[in-house]
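Read the structure below first, then the notes.
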Amino acid sequence: MRRFQWPLQRLLDVTAQREAAHRAEMLRLSRDIARARQEIVARRRVIRAGLRELAAHALPERIGRQEIVMACSARPERDIRRLQQQLRDLHAQRQRRSEQFIRTRNTRQTLEKMREKARLAHLREALKHEQAELDERAHVAFARRARPAGHARETTGD
């Protein structure tokens, strides 16, 4: 039986590689999103700690220090806003990658279905060809057995 070769196999392989690359990119973006969220939480924790420390002081002392604490928390607040924008950008990138991943996965699945159909058609064709050969052999064997014994000597030319 002739070996099955599908002409679109290379396309299927490349599509599977693209799908894996999209999956890896989505994983990287998810890690970056988690890192940005952790950074936001850490910076907010620093601001809250400063405000808690400020709240622990008596009112006259707190009023004097409040301006310093607020001025010092302005930088972390800017960083938090920058990180939040970065987080939104990362979410948008992940959404785009997710859409690309889904399209690529659907393409791969379609190609795999087409390959399976072609493989089954090849198998059916090979079995049909094999059955035809077996039928031909059976006909030849039957014809040899059905022929009279003397007839075989006459045809040899002796």
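The values are calculated or read from the model by the stated rules, or taken from the named source; none is laboratory data. Keep in mind the model is a prediction, meaning the values are calculated, not measured. For neighbour counting, all protein chains shown are included, and Cβ atoms are generated from backbone atoms with ideal geometry for every residue, glycine included.
Would you check if GLN86 is under 30 Å from ALA121 (Cα atoms), free of Cβ contacts under 8 Å to residues at least 60 places away in the same chain, in a helix (DSSP H, G or I) and not hydroxyl-bearing (Ser, Thr, Tyr)?
Spelling it out, it is not the case that GLN86 is under 30 Å from ALA121 (Cα atoms), free of Cβ contacts under 8 Å to residues at least 60 places away in the same chain, in a helix (DSSP H, G or I) and not hydroxyl-bearing (Ser, Thr, Tyr).
For GLY50, are the conditions met, namely being out of contact with any strand residue (DSSP E or B) (no Cβ under 9 Å at 6 or more places or on another chain), part of a helix (DSSP H, G or I) and modelled with pLDDT under 80?
no
Tell me which of these HIS22 doesn't satisfy, since it passes every other one: (1) more than 19 Å from GLN93 (Cα to Cα); (2) out of contact with any Leu (no Cβ under 7 Å at 6 or more places or on another chain); (3) not β-branched (Val, Ile, Thr).
(1)
Output the residues belonging to the stretch 106-130 that are touching a residue at least 24 places away in the same chain (Cβ under 8 Å) and β-branched (Val, Ile, Thr).
Within the stretch 106-130, just THR107 meets the criteria.
Which one of these is at negative phi, under 41 Å from the mean Cα position of the chain (by Cα), surrounded by 13 or more Cβ atoms within 10 Å (Cβ to Cβ) and touching a residue at least 24 places away in the same chain (Cβ under 8 Å): ARG103, ARG94?
After ruling out the rest, the residue left standing is ARG94.
Each row is one residue, and each column tells you yes or no for (1) modelled with pLDDT of 80 or more; (2) assigned to a helix (DSSP H, G or I); (3) among the small types (Gly, Ala, Ser).
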residue	(1), (2), (3)
TRP6	yes, no, no
GLN17	yes, yes, no
ARG23	yes, yes, no
ARG28	yes, yes, no
ALA34	yes, yes, yes
ARG44	yes, yes, no
PRO60	no, yes, no
